[in-house]
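All of the numbers you see were taken from the coordinates with simple rules; none came from a lab. Note that this is a predicted model, so its numbers are computed, not measured. Don't worry about glycine lacking a Cβ; one is built from the backbone with ideal geometry, like all the others, and counts go over all protein chains shown.
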Amino acid sequence: MVNVAMLTRIFLSTLSLAARGAMATPPAAAAAVHYRADGVRITHNPQAPGMAERYGAPGATDADGFDPYADTVGPGIYGGVVRRNDAGEVIIGRQYQGHNPRPGPVYAGGGYTPTSRLLSAGDAAALASWLDRFPELANEVSTGGATPLHVCGMSRRAAALTALVVARGGALEAVDTYGFTPLHRMASNNLAVGARALLAAGADAHATTSRGETALDIARASDAKDVIAVLEG
């Protein structure tokens with residue numbers, strides 16, 4: 001369902017050819033860049049050694065996990081249902097597939113949360129009705145530590161609903177388990193509509209990730225030209 005140009009940055013850097021040492025890599029390979037079908041630059045080599053062993057061969061990846069060839073993630077990694085204890089508290093532990101080495105909300109199985117599904121569908125009326133019934137879900141926690149505004153930053157249909165989620169109280173500066181705010185997530189996937197909506201609502205364009213990156217840094221790393229134009233405009 002969702003695009004993840006920067007979502008895999010922390011973990012997959014250890015698998016990339018560059019991380020194995022430029023001196024051990026031929027110059028042409030070291031300079032190679034990889035792009036998704038939508039033109040976003042990705043920060044891993046889909047054909048890197050160990051990729052198929054870890055995630056499966058092309059066409060045979062886990063639908064709940066990471067597909068390095070399409071650069072997409074399933075609900076086990078982002079936007080999925082999380083486990084809770086008897087008190088209703090989110091259980092924190094190892095992330096699905098070890099995709100993020102940091103602990104975070106544990107996947108409960110069962111796919112995406114209903115909120116994430118409505119966002120993915122891009123159905124504004126259905127989402128508004130859902131949040132009318134359950135207003136607290138404007139800030140629900142899903143796998144990857146994603147809130148609905150983070151999920152808005154994962155696809156074009158969802159990004160179109162950013163202003164709606166903001167109007168329902170979505171937290172502009174919420175941080176997921178990758179250290180990203182919703183604006184960072186928009187930058188990683190070149191979603192200018194969502195980025196504009198967040199900035200119009202007062203999102204901090206200078207907020208940094210846990211790695212010290214601003215949204216503009218992430219947009220440049222992803223060659224996210226549309227979001228770069230928004231942030232530099």
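The table for this structure:
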| read-out | value |
| --- | --- |
| Estimated distance in nm for a label pair at ARG102 and ALA201, the labels positioned 7 Å out from Cα along Cα-to-Cβ | 2.1 |
| Amide H partners (placed H, <5 Å) of GLY111, local residues excluded | VAL81 |
| The chain - percent relative contact order, Cα under 8 Å, separation 6 or more | 17 |
| Rounded FRET efficiency, nearest 0.05, which uses the C-beta distance separating ALA60 from ARG94 and R0 of 22 Å | 0.40 |
| The chain: C-alpha gyration tensor shape, a/c 1.5 cut-off, then a/b vs b/c | oblate |
| Amide H contacts under 5 Å for ASN45, placed H, 5+ residues apart | LEU17 |
| Extension reserve of the ALA167-ASP38 stretch, reckoned as 0.36 nm per residue once the Cα distance is removed | 43.6 nm |
| Table column - 3J(HN,Hα) (Hz), the stretch 162-174, Karplus curve with 6.51, -1.76, 1.60, x for Gly and Pro | 4, 4, 5, 5, 4, 5, 8, x, x, 6, 5, 10, 4 |
| Radius 13 Å from Cβ of ALA229, net charge of other residues (Lys, Arg +1; Asp, Glu -1) | 0 |
| Built amide H within the under 5 Å cut-off of HIS34, gap 5+ | ILE42 |
| Mean residue ellipticity (222 nm) of the chain, computed from DSSP H runs ≥ 4 via -39,500 (n - 2.57), nearest 500 | -8000 deg cm²/dmol |
| Gyration tensor (alpha-carbon) shape descriptor, the stretch 168-222, a/c threshold 1.5 | oblate |
| Length gained when the stretch ALA52-ASP223 is fully extended (0.36 nm per residue, less Cα-Cα span) | 59.0 nm |
